[in-house]
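The structure under discussion appears below in the form of C-alpha cells.
The values are calculated or read from the model by the stated rules, or taken from the named source; none is laboratory data. Keep in mind that this is a model prediction, so the values were computed, not measured. All Cβ positions, glycine included, derive from the backbone under ideal geometry; neighbour counts span all protein chains shown. The protein model used for the area step is the full one, side chains on, heavy atoms only, and it has no ligands, DNA or RNA in it. Shrake-Rupley method; radii C 1.70, N 1.55, O 1.52, S 1.80 Å.
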Amino acid sequence: LSTQGHKHLYIDGGLTIQSFLAEHLIDELTITVIPILLGTGKPLFGPLSSDVHLSHLATHVYAFGFVQHKYRVPKDA
C-alpha cells in the first residue's frame, strides 16, 4: 500500500489489531477511553504472545468525556 501513496491505515477490532501487532505492522496506536464502567469485560486486544511496552506520545481530553491516548509501538513489539 505504501507504494500506492498510502501512509496511514485505520485498523479496528481487537483480533485484527492483535494480528497486525503480531506481524509488527503497527507503528502507532490510539486508544480511546469512554467513561463507562462495565460490570464485566473482555481484554482490549485478546491474548498477545508477550507484553507490548508502548511509548506515550500524546493525550487529548474531549469536553464530552472521551480521552484519547496516542502511543508509539516499538519496532520489536
Calculate what fraction, in whole %, of the accessible area of the chain sits on carbon and sulfur atoms when a 1.4 Å probe is rolled over the protein chains. 58
Among Leu38, Leu15, Leu57, residue whose mean-square fluctuation peaks in a GNM of the chain (springs only between Cα atoms under 10 Å): Leu38
Would you work out the charge dipole size for the chain about its Cα centre, treating the Cβ of every Lys and Arg as +1 and the Cβ of every Asp and Glu as -1, and quote it to the nearest 20 debye? 140
In the range 12-77, the chymotrypsin sites (Phe, Trp or Tyr not before Pro) that fall in loop regions by DSSP, at most 16 other Cβ within 10 Å: Tyr62, Phe64, Phe66
Using every alpha carbon pair in the chain, what percent of pairs falls into each 10 Å bin from 0 up to the bin containing the largest distance? 15, 44, 33, 7, 1
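Starting from the Cα-Cα distance between Thr40 and Ile11, subtract it from 0.36 nm times their residue separation and give me the gain in nm to one decimal.
Values: separation 29, 0.36 × 29 = 10.44 nm, distance 2.48 nm.
Extra length available between Thr40 and Ile11 comes to 8.0 nm.
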To make sure I understand the rule: partners must be lysines, Cα under 21 Å from the Cα of Lys7, and not fewer than 8 residues away in the same chain. Which ones qualify? Lys70, Lys75
Considering only protein heavy atoms, what is the solvent-accessible area of Ile11 at a probe of 1.4 Å, reported in Å² to the nearest 10? 50
